[in-house]
Every structure is written in structure tokens, then in C-alpha cells.
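> Encoded as C-alpha cells, here's the structure I'll be asking about.
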Ligand code: CA
């Protein structure tokens, strides 16, 4: 893709943890397209690993067919999404249909489902879309911000003020999702766009990380790691040290301070500061 794209370092790691017999998480990185996709197959349901693999492969295939990014329109900042974000949403809706159809057609896959979280960087804009409780985080100026709102029963109850975050973290209903890919013929996809800055970091992760490792510690690991592979390794290691109750997958993306990118998108930014 064009030189407009920011330079970034990326590392990803997936581990089955210490309890589950298999890994039902999947992820794909398309470095050239700055596309990052992570999916968590629903535990307890049939063929979670099939559903999560279908989810990431289908989204990547759809986006690779979408070669119009160069001439695309920007979002207007008033809730109208850019072409890149819209195509990502459509790709996820198509993945949902495929998983749902296979779950309906194949008895071995009946009821299978998965979460999905996907990030796509276009210039200095991030498109982030998700369904379920896999998350995207932004680390900026050493502060960690969750970009996605979990589609889970306990998260909905916290948002409605019916439960505290502490009660949610201790609840036995944590794994009950209010939205997932594959469980219905159609799915509502949450989508958002934000402006990125040099030195921002992004984290995509499955709940095997966030249910095990406190957010403050996730932030510390991302801040302190010298490079993204070390951050990914440490995050997975900590999830396992806390018990590794679930599969854990992380994708860590760090935007580099590229002078050409700064000059293109932030002409006010002095190159002397780089
Ligand atoms: Ca999981």
C-alpha cells in the first residue's frame, strides 16, 4: 500500500493456556493492509476453533478483495463512517452469515459461534470494529483506554448501573455474551474510528487475557516492554501465571515515529521532536 501508511511494529501470540485442551482463538495479521483480526471461538459450543478460524479468514478475504482504499472517502466525524470502516463492518457481517450457515447445515458445527475484534489503520485513522467480548485497547502517553464495549451480560449490567465492575469480574456469568458471530443469521457490529498519533500502541486480545491480568498490569507491560514481541510474550506469560484458565491471544501494534508520516498528517508537528 502507499507510503501514506504509518510504520508500525507488530507482534502476536496465541496460547491455549493451562486448562483448556485446545486453542479456539484465531488471529490474522495483514501487515501490508494494516489489518489485524482476532477471534475467540465460543467455549462450550461445538467447533469454536472452526468458527474463529472462519471468522478471521473470511474477514481477511473480504478485505483483500476491497482494493479501493486509495480513493476512499473519509468519515465526517459525525458518526458517518469511512469507506474502510464500512467495508470492515460488511466483512464481519458476511463472516457471520458464513458461520451461521455452516452451523445450520453441518450437525457437527451446530450452534458454533465466535467473537471478533478487528483493527485497520488507514493513514492516521484507526477503524475498530467488534462483536462479543474480545477487546481493543489504545495505549497513549502511558494510559490504557479500552476502545470496545463488551457485548456480554455482565458488561451490559455494569453499563446500566446494575452491577459494579468488581461484581462483574467475580460473576459466574462472565462468559454469557449478548452478541456473537454465527449464533443468528444477522448481527449488529459495533464500529468506531479514532485518530492515531505516533507512538500510540494498540492491543487486541481475547478474554483469556483480560479475565486473568488486571488492566493496570497490562498497561505496565505495554509501557515497559522494549519491543512488541517482548510485550506479547509477557502478556501471555502473565495470563498463564494467573492461572491460564482460558485460551489467550494478543496482537500488539506500536506506531513508530516516522518523519514522513508526521509531515503528511501533522504538518504542525516539528520534525525536531522526533
Ligand atoms: Ca475465550
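The numbers here are math on the coordinates, done by the rules we state, and not lab data. The shown structure was predicted, so the numbers you read here are calculated from the model rather than taken from an experiment. Here the Cβ is made from the backbone with ideal geometry for all residues, glycine too, and neighbour counts use every protein chain on show.
> What is the Rg over Rh value, at two decimals, for the chain, using alpha-carbon atoms and the Kirkwood definition of Rh?
With Rh from the inverse mean 1/r over Cα pairs, Rg/Rh is 0.96.
> Quick check on packing: order 125-135, 170-180 by the mean number of other C-beta atoms within 10 Å, highest mean leading.
Sorting 125-135, 170-180 by mean packing, highest first, produces 125-135, 170-180.
> Then there is this: Report the label-to-label distance for residue 149 and residue 9 in nanometres (one decimal), using points 7 Å from each Cα along the Cα→Cβ vector.
It is 3.5 nm.
> When the helix-only estimate is applied to the chain (DSSP H runs of n ≥ 4, each -39,500 (n - 2.57), divided by the residue count), what is the mean residue ellipticity at 222 nm, nearest 500 deg cm²/dmol?
-10000 deg cm²/dmol
> Expressed as a whole number of Å, what is the distance separating the alpha-carbon centroids of the stretch 183-216 and the stretch 135-174?
Here the two parts' Cα centres lie 11 Å apart.
> Let me ask something else. Provide the packing ranking of 97-107, 203-213, 51-61, i.e. peptides ordered by the mean count of other C-beta atoms within 10 Å per residue, highest first.
Sorting 97-107, 203-213, 51-61 by mean packing, highest first, produces 203-213, 51-61, 97-107.
> Two decimals is fine: what is log10 I(q)/I(0) at q = 0.14, 0.32 Å⁻¹ for the stretch 155-207, from a Debye sum with one equal scatterer on every Cα and no solvent?
-0.64, -1.21
> As I understand it, the value is the acute angle between the Cα axis of helix 48-65 and the longest principal axis of the Cα atoms of the chain; what does it come to in degrees, rounded to 10?
Roughly 30 degrees, rounded to the nearest 10.
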